[in-house]
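To start, the structure under review is shown below, and the notes come after it.
The values are calculated or read from the model by the stated rules, or taken from the named source; none is laboratory data. Every value quoted in this text rests on a predicted model; they were computed, and no experiment measured them. Note that each Cβ is placed from the backbone with ideal geometry, even for glycine, and that neighbours are counted across all protein chains shown.
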Amino acid sequence: MKLFVRLTCVLFFLVHSAELFAQRNEQGSTGEHTATHGTETFLEDHFAAPPAEARARTWWHWLNGNISREGIRADLEAMKRVGIQEAQIFNVDLGLPFGGVEYLSEAWTALLQFAASEAARLDLELSFHNSAGWSSSGGPWIDAEHAMQTLVHSEITVQGDQQFSAPLPMPETRMDFYRDVAVLAFPKPEGDVTIKGLDYKMLGDRIRNHVLPETKDIAKAAIIDRNEIIDLRAHFTDAGVLDWNVPPGEWIVLRLGHTPTGTMNRPAVRGGQGLECDKMSKKAVERHWEGGVQPIIDALSDYIGRTVKSCLIDSYEVGATNWTSGFEAEFKRLRGYDCLTYLPTLAGYYVGSGEVSERFLWDFRRTIGDLIAENYYARFSELCHQYGLTFSVEPYWGPFDNMQVGATGDIVMCEFWTGGYPFFDSPKFVSSIAHLKGNSIVGAESFTGIGGWDEHPAVLKTIGDKAWAQGITRFIFHSYVHQPWNVAPGLALSYHGTEFNRLNTWWEQGKAYMDYIGRSQFLLQRGKAVADVLVFTGESSPNDALLMPEVKQMGFDYDLLGVNNLYDLRVENGNIVTPAGGSYRVLVLPEQEWMRPETVQKLAELSGRGAKIIGPKPLKSPSLSGYPACDKRVRSIADKLWATRAVQDISIVDFLNGHGGPPDFTVEGEDNDGLTFIHRKTEAAHIYFVANDKRQSKSVSCRFRVTNKTPEIWDAQTGEIMQPAVWNENPDGTTTVPVVLESEQAIFVVFRSVVEDDHITRLSAVAQPAAAEKLPQLEILSAEYGTFLQEGLVDVTDKVADAVVDNELNIRATRHFCDCDPAMGYTKEFRIEYTIGDSLYRLSEMERDSVNIDPGGKGELVIRKAVFGKFLPETRGVPGQFPVHDVSSAIGRKLASGAFDIAVDDRLLEGREAEGRSPELRITYSTAGEVRKVVVPAGGVLKLSDEKPFHKTVRKGKEDILLTPYPLQLTYERGNGISNELIVGSVPNPLALPDSWELSYSQIAQDTHHQTLQRLTSWSTAQDSILRYFSGTASYSTSFEAPPNVVSPDYSLELDLGSVQVIAEVILNGQEVGVLWKPPFRIKLDGYLQSGKNSLAVNVTNLWPNRLIGDARLPADYTMNKNMIEEWPGWLTTPAARPGRRTTLASYLHYHEDSELKPSGLLGPVKVNIYRRVVLD
């Protein structure tokens, strides 16, 4: 039967190979040229109704065998309702009670088949992780021989002039598996110097990126002469006995072999846990496929390539590995020389010289990376394609070259986290990989963070917008946990990730956010990304990103380039061009003096064809291949290139400032703080994404590097497409477009059709807005001004200094020193500045590494600075801790004087000066019950005024229309030279709605409650305990009168709900107006509002914490073990009535009875804004 199923799979692949080819083409297609699609409204049509490839996706975690058919159906139907296109299945163990369904069992397989059939019925897609757990590839089918391997050794000292015959000590052996690699002998060095940092240099324990050879002098007495190394394998028996006639002298006998690392896939469920497969062995990878992937393909043969489209390898989190069977032959194939006599370096000995040993270690690491890329990732990709699947991969955190590994994926993925500062380490290099491959899909494990059912679309949007500006084009939510039952909030991924599932209070209302994602990603997947700079990440392995944020800060963009793609570059018209059509003005080299001769030769070729290249001159090769002639060749080529200035050693900032050409995106005469962008270009259009990540609105003039095209504003939140009335072409080939970006708003500026001469090119307005008002219910909670450590860092100087014992420091770089996690989800670093006597030193170690400082009698050890966390690329050295000052009182006095927009500078210190180069204000305040944290750099303005709507001008058809909420005087000039003036003398004040509202709400399985509210306040402050601890959707209703004079074509009307916690659905006169899911909570009422009486209903949804806190005050009807549920209660798993008064069940405990309640409900003030509508001549 199994053979029949596999033949069926193969036949299916042959029949549907064309479909798979089309699917892969989709990932690289631009979809931009209207003629290609047979319609001139292709962009508009798909913006209005985003296609499947543009829709958001989600990871779908099946926890501890807790799976049900009913839950599967309900989950997938819920995804379909809100616009989730794909569920990617993971089976993980997070300590929940076992649900009875073992991984790969008949019951599990039947549920998987049911999930596929349901997804097919709903026209959804499924994918699956290649093994249980989320890292990486393994299971009980992997034996010790095919597991990840590590090199081990034993050594003895043998005196010469004797016949030695004895067993050699067995090196460390794990899992009862060991295989010899070599037995070598060499004269014992007189010196005792050994290679420092060997554990990461040989990838035995630690993984470090961009490691280059060290060049320090090593005493000759500590160096082994390679010519004196004797291969003793012929004298070594299978029984482990060495029979050898020892020459005169004192000899080291080194026995080297390999044994499993013992690493298992994690966190794997019952039935799926086992050893990780050997990542350098195709045979081991194929064994994993046979045992762990093939059974899934067999079970889903009817759906593979149609409904089930992809197989995934998540981020690499299974540690270092440094050997595989046959490594010696592979090393010679890849490096061109035999590694045998260099193997003592892997035991810490220097062979040949210090630099020769370091170069061998560089080659050793490079070989490991090459083999992992070739035999694990590339082979896995081949197997996926063989069975009609695409291959998705997160190519990072492993002992390899990220760019090389990422190139093996059809869909290359990254990740970003919520709950702290978003560092975006992986998105830039992952998007670069996709750009180099010509793929329009850049996937992202999105919104991973700390759970608590406290996140919602408004919280997620800003960080998501930033992620798009990094090049991501597909969100894959982390995570939707499968809900086998219908008791909310249900199962959670322990404390990991954003809770994103059908039991969320806001799930159905969240469709509006999913629509925003779909519209945005449709545009972000068009055409090709535009970048001026290509950054070479170097030749080392392991190798991660080299981030250059200064490029983006200057208004340009960049991609990263690995050595695997370097040789594919060519030059056209002075630009560096990739096979996929990417075009760059300059190639930036890494800050290092090492480069292989073939790489320098490629640079010479590019330069000779007109490419611009900048960076330091290489002096020698990092490799032993061709040594020492390789160094002469490097110097010969490099000397000519740099001497003739064909390649210049200048910074990218100097290059961009000095080589002409405007930035791709800038803001005229304004501080662009908080604005991010990305630019994509199709054959017919330029598409810019521009996002404001601040809670403050901005009216700015943006300059885009486009000419002879008409701008359009595409609002993915509302689905509206508008043409601005005002824009101007500049002599430098750019176009200026004034735009209004509301609080945390993002827009697309699309340039398509040719310019019309009569559009408005210049406009100035003298406005008379209403007087500024302080934010409602404003309370300053804290305010500090000074130079702070970068976000994600903590100062640990005092604790590290206290750890100095007997003038030595011996610690591990862990979170113990800060009792916190300053950068959740990211690899952190320890940086220490210290003195020994009069000498100053700096040291950097990665998290969990050992820190050992022994002055050796040279003076007193003094810790000057110690900082722990995640360092931004621009944070150099060991940043200092400067005094910060409490300025709460100073800000309070400003507010009392009527100043609500406050300049941020040293005047806040009232006579003192801030220390450090980059002072800023960090303030926390609450308004209408909502707590906000704001950072304002010196020179900026702290806005504590209630935001008023701006005036705006738009073009509809041939008419230019002014919409203004206040009187103003307007002067404008058209492209044909005609100037005009306009005065709007008066605009009616906003309509204030009544203070009283009717409120109705119902908790699960309870009667509906009704209240009349005399004013709008947070539910969390209500006297009624049911409302105080309510979570869900409550309905507000009221009525108001609209004067006949404003319900006319001369006015446009807008409902402003003020503050909402957290999502509102607006219904006016029985008609659904829309869902408001982020501030400002405003929505157009044109076409809905009627003259006279109007009936308004606002359905407001809050979050789960308040009900969880309320339930924590009631007797429990299930048991917890610390923060995790200990066993499923009988009333949940059997058809029994639930005892007690609790209504919720949460698998992870985030809240207690004394936890702080969250502001909830409609907080207002609610009004109708009135805009005067005037057609401009």
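Looking only at segment 117-132, which residues are under 17 Å from Ala74 (Cβ atoms) and either aromatic (Phe, Trp, Tyr) or surrounded by 22 or more Cβ atoms within 10 Å (Cβ to Cβ) (or both)?
Passing the criteria: Ala119, Leu124, Leu126.
Any idea how many residues of segment 665-685 are farther than 18 Å from Gly733 by Cα and hydrophobic (A, V, I, L, M, F, W, C)?
Here the count works out to 3.
Based on what the data block shows, is Val884 out of contact with any helix residue (DSSP H, G or I) (no Cβ under 6 Å at 6 or more places or on another chain) and over 25 Å from Pro738 (Cβ atoms)?
Against the criterion (out of contact with any helix residue (DSSP H, G or I) (no Cβ under 6 Å at 6 or more places or on another chain) and over 25 Å from Pro738 (Cβ atoms)), Val884 qualifies.
Take Arg287 and decide whether it is more than 30 Å from Gln85 (Cβ to Cβ), in contact with a helix residue (DSSP H, G or I) (Cβ under 9 Å, 6 or more places away or on another chain) and assigned by TED's automatic domain parsing to the domain that holds Gly99.
yes
Is there a residue being of a type in the set (Lys, Arg), more than 30 Å from Arg695 (Cβ to Cβ) and touching a strand residue (DSSP E or B) at 6+ places or on another chain (Cβ under 7 Å) anywhere in segment 861-877?
yes
From Lys1093, Lys1122, Lys1084, Lys1078, which residue is within 30 Å of Leu991 (Cα to Cα) and without any contact (Cβ under 8 Å) to a residue 40 or more places away in the chain?
Lys1084 is the lone residue from the list that is within 30 Å of Leu991 (Cα to Cα) and without any contact (Cβ under 8 Å) to a residue 40 or more places away in the chain.
Could you list, in sequence order, the residues of segment 795-828 that are hydroxyl-bearing (Ser, Thr, Tyr), within 12 Å of Glu847 (Cα to Cα) and touching a strand residue (DSSP E or B) at 6+ places or on another chain (Cβ under 8 Å)?
Hits for segment 795-828 are Tyr826, Thr827.
Residues to consider are Gly354, Gly336, Gly419, Gly348; find the one that is at pLDDT below 95 and more than 27 Å from Val533 (Cβ to Cβ).
Among Gly354, Gly336, Gly419, Gly348, only Gly419 is at pLDDT below 95 and more than 27 Å from Val533 (Cβ to Cβ).
Any idea which of Lys640, Lys612, Lys617 is under 32 Å from the mean Cα position of the chain (by Cα) and of a type outside the set (A, V, I, L, M)?
Lys612
Looking at Val183, Val253 in this structure, which one is in the same structural domain as Val351 (by TED's automatic domain parsing), touching a helix residue (DSSP H, G or I) at 6+ places or on another chain (Cβ under 6 Å), of a type in the set (A, V, I, L, M, F, W, C) and buried (at least 21 other Cβ atoms within 10 Å of the Cβ)?
It is Val183.
For residues that are assigned to a loop (DSSP other than H, G, I, E, B) and not small (Gly, Ala, Ser), tally how many sit in segment 622-652.
Total satisfying the criteria: 8.
Restricting to segment 514-540, name every residue that is of a type in the set (Asp, Glu) and within 11 Å of Trp468 (Cβ to Cβ).
none
Quick one: in segment 538-572, of everything that is in contact (Cβ under 8 Å) with a residue 24 or more places away in the chain and over 26 Å from the mean Cα position of the chain (by Cα), which residue is surrounded by the most Cβ atoms within 10 Å (Cβ to Cβ)?
Leu569
Any idea which residue in segment 248-266 is nearest to the chain's Cα centre (by Cα), counting only those that are outside any strand (DSSP E or B) and within 23 Å of Asn322 (Cα to Cα)?
Checking each candidate, the answer is Asn265.
Which residue pairs have Cβ atoms closer than 6 Å, lie 6 or more positions apart in sequence or on different chains, and pair a first residue in segment 99-125 that is more than 14 Å from Asp302 (Cα to Cα) with a second residue that is loosely packed, with under 15 Cβ neighbours inside 10 Å and of a type outside the set (Val, Ile, Thr)?
What qualifies is Val101/Ala107.
Run down Gln294, Gln273 and say which single residue is surrounded by fewer than 23 Cβ atoms within 10 Å (Cβ to Cβ), closer than 26 Å to Phe98 by Cβ and not assigned by TED's automatic domain parsing to the domain that holds Cys414.
Result: Gln273 is the single residue among Gln294, Gln273 that is surrounded by fewer than 23 Cβ atoms within 10 Å (Cβ to Cβ), closer than 26 Å to Phe98 by Cβ and not assigned by TED's automatic domain parsing to the domain that holds Cys414.
Just checking: which of the strands (runs of 3 or more DSSP E) contained wholly in segment 916-1011 hold 1 or more residues that are farther than 30 Å from Pro879 by Cβ?
Once the strands (runs of 3 or more DSSP E) in segment 916-1011 are filtered for at least 1 residues that are farther than 30 Å from Pro879 by Cβ, what remains is 920-927, 930-937, 952-956, 959-964, 968-974, 979-984, 997-1001.
Can you report the number of residues in segment 1046-1064 which are in a loop (DSSP other than H, G, I, E, B) and either among the acidic types (Asp, Glu) or out of contact with any Phe, Trp or Tyr (no Cβ under 8 Å at 6 or more places or on another chain) (or both)?
5
Taking the condition at pLDDT 95 or above and either assigned by TED's automatic domain parsing to the domain that holds Arg1107 or closer than 22 Å to Phe871 by Cα (or both), does Gly388 pass?
no
Tell me which residues, restricted to segment 676-697, are crowded, with 22+ Cβ neighbours inside 10 Å and within 12 Å of Glu744 (Cβ to Cβ).
Matches in segment 676-697: Ala691, Asn692.
Exactly one of these conditions fails for Asn1094: (1) out of contact with any strand residue (DSSP E or B) (no Cβ under 7 Å at 6 or more places or on another chain); (2) buried (at least 19 other Cβ atoms within 10 Å of the Cβ); (3) more than 30 Å from Asp693 (Cα to Cα). Give me its number.
Here Asn1094 meets the rest and fails (1).
Report the residue count in segment 473-503 for those that are assigned to a strand (DSSP E or B) and either buried (at least 23 other Cβ atoms within 10 Å of the Cβ) or among the small types (Gly, Ala, Ser) (or both).
10
Of (1) within 30 Å of His61 (Cα to Cα); (2) surrounded by fewer than 18 Cβ atoms within 10 Å (Cβ to Cβ); (3) among the basic types (Lys, Arg), Arg333 satisfies all except one. Which?
Just one mismatch for Arg333, condition (1).
Look through segment 1127-1155, keep the residues that are over 30 Å from the mean Cα position of the chain (by Cα) and closer than 16 Å to Tyr495 by Cα, and return whichever of them is surrounded by the most Cβ atoms within 10 Å (Cβ to Cβ).
The qualifying residue surrounded by the most Cβ atoms within 10 Å (Cβ to Cβ) is Leu1145.
Please name all residue pairs, on different chains or six or more residues apart, with Cβ atoms under 6 Å, provided the first residue is in segment 445-470 and is farther than 23 Å from Val1075 by Cβ and the second residue is in a helix (DSSP H, G or I).
Going by the 6 Å Cβ cut-off, the qualifying pairs are Gln470/Pro427; Gln470/Lys428.
One residue is enough: does segment 90-108 have a residue meeting the conditions of a type in the set (Ser, Thr, Tyr), under 30 Å from the mean Cα position of the chain (by Cα) and either surrounded by 16 or more Cβ atoms within 10 Å (Cβ to Cβ) or not in a strand (DSSP E or B) (or both)?
The answer is yes; a qualifying residue exists.
Per-residue answers, yes or no, for (1) touching a Leu at 6+ places or on another chain (Cβ under 8 Å); (2) closer than 30 Å to Leu1145 by Cα; (3) touching a residue at least 24 places away in the same chain (Cβ under 8 Å):
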| site | (1), (2), (3) |
| --- | --- |
| Pro965 | no, no, yes |
| Leu970 | yes, no, yes |
| Val984 | yes, no, yes |
| Gln1006 | no, yes, yes |
| His1010 | yes, yes, no |
| Trp1019 | yes, yes, yes |
| Pro1044 | no, no, yes |
| Leu1055 | yes, no, yes |
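Has segment 968-979 got any residue that is in the same structural domain as Ala765 (by TED's automatic domain parsing) and among the acidic types (Asp, Glu)?
Checking segment 968-979: at least one residue is in the same structural domain as Ala765 (by TED's automatic domain parsing) and among the acidic types (Asp, Glu).
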